[in-house]
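Colleague: Just passing along the structure, written as structure tokens.
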Amino acid sequence: MVDAVRFVEGAPRLAVGAAVIDRSEDEPRILLVRRAFPPMAGTWSLPGGRVEPGERLEVAVAREVAEESGLVVRVGPLVEVVEVVDPPYHYVILDYACLRTGGGLSAGDDASEVILARVDEFVRLGVTEAVRRVVNRALVLQ
């Protein structure tokens, strides 16, 4: 049995993402974070990050959301698997639908800014097609 986690340069890393839906107003809003670091630094995206060794996926999702935004969520179903290859980075990201259940909005960890945005604001914010697709699927599931 190997006690250490082996990391191979350039090997795909497992990560999770969260399409967090806030239904506290008439129109749902989605949590977006502005990435502070590569890959995709400066862009608006969904919160997420690497799964720690021994960590359950749902726990990783809730942890990443809390670390990046201060929000508390109920993790729902898997929405999509997204692969990001941006050398030297290669991530396989499992995106989950989540519902905001508490917490206060505050940028932290890997996020330079956080907002709750309506879907009709996504184009103006430069949100990628992949994020829009995940959010649209999550809205149906949550």
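Colleague: First check a/c for the stretch 33-106, with a ≥ b ≥ c the square roots of the eigenvalues of its C-alpha gyration tensor; if it is under 1.5, answer rounded, and if not, answer prolate when a/b is larger than b/c or oblate otherwise.
Modeller: Working: a/c = 1.82, a/b = 1.29, b/c = 1.41.
Oblate is the answer for the stretch 33-106, as a/c is 1.5 or above yet b/c matches or exceeds a/b.
Colleague: Oh, and also: What's the extension gain from ASP109 to ARG133 if we count 0.36 nm per residue and subtract their Cα-Cα distance?
Modeller: Full extension of this stretch gives 6.1 nm more.
Colleague: Rounded to the nearest 10 degrees, what's the angle between the helix 129-141 long axis and the longest principal axis of the chain, both from Cα atoms, 0 to 90?
Modeller: For 129-141 against the chain, the angle is about 70 degrees.
Colleague: When the Cα centres of the stretch 94-128 and the stretch 10-40 are compared, how far apart do they sit, in Å?
Modeller: If you average the Cα positions of each part, the centres end up 5 Å apart.
Colleague: Continuing with this model, one more query. Could you work out how far helix 57-69 tilts from the main Cα principal axis of the chain, as a 0 to 90 degree angle to the nearest 10?
Modeller: Approximately 60 degrees, to the nearest ten.
Colleague: Using modelled amide H (1.01 Å from N, peptide plane; none on Pro or chain starts), what sits under 5 Å from the amide H of ALA18, excluding residues fewer than 5 places away?
Modeller: Residues meeting the criterion, in which the H sits 1.01 Å from N, are TYR96.
Colleague: Then there is this: What is the antiparallel percent of DSSP beta bridges lying wholly in the chain, to the nearest 5? Can you show the working numbers first?
Modeller: Working: 26 of 35 bridges.
Taking every DSSP beta bridge within the chain, about 75 percent pair in antiparallel fashion.
Colleague: Could you pull out the longest piece of the chain with no exposed loop trypsin sites (Lys or Arg not before Pro) in it, calling a site exposed if DSSP puts it outside H, G, I, E, B and it has at most 13 other Cβ atoms within 10 Å?
Modeller: Values: sites that count: ARG6, ARG23, ARG56, ARG118.
With a cap of 13 other Cβ atoms within 10 Å, the longest stretch comes to 57-117.
Colleague: Sticking with this one: Nearest 0.05, what FRET efficiency do GLU55 and ASP26 give at R0 = 35 Å with Cβ-Cβ as r?
Modeller: After rounding, the FRET efficiency stands at 0.45.
Colleague: From the square roots a ≥ b ≥ c of the eigenvalues of the alpha-carbon gyration tensor of the stretch 13-141, which class results: rounded (a/c under 1.5), prolate (a/b over b/c), or oblate?
Modeller: On the way: a/c = 1.35, a/b = 1.18, b/c = 1.14.
Taking the square roots of the gyration eigenvalues as a ≥ b ≥ c, the stretch 13-141 is rounded.
Colleague: Quick check: pseudo-label points 7 Å beyond the Cα along Cα→Cβ at GLU67 and TYR89, how many nm apart are they?
Modeller: Going by the 7 Å Cα→Cβ label model, 1.4 nm.
None of the figures in this text is laboratory data; all of them are computed from the coordinates on show. Bear in mind the structure is a predicted one, so any value in this text is a computation, not a measurement. Cβ coordinates were reconstructed from backbone atoms using ideal geometry, including for glycine residues, and neighbour counts include every protein chain displayed.
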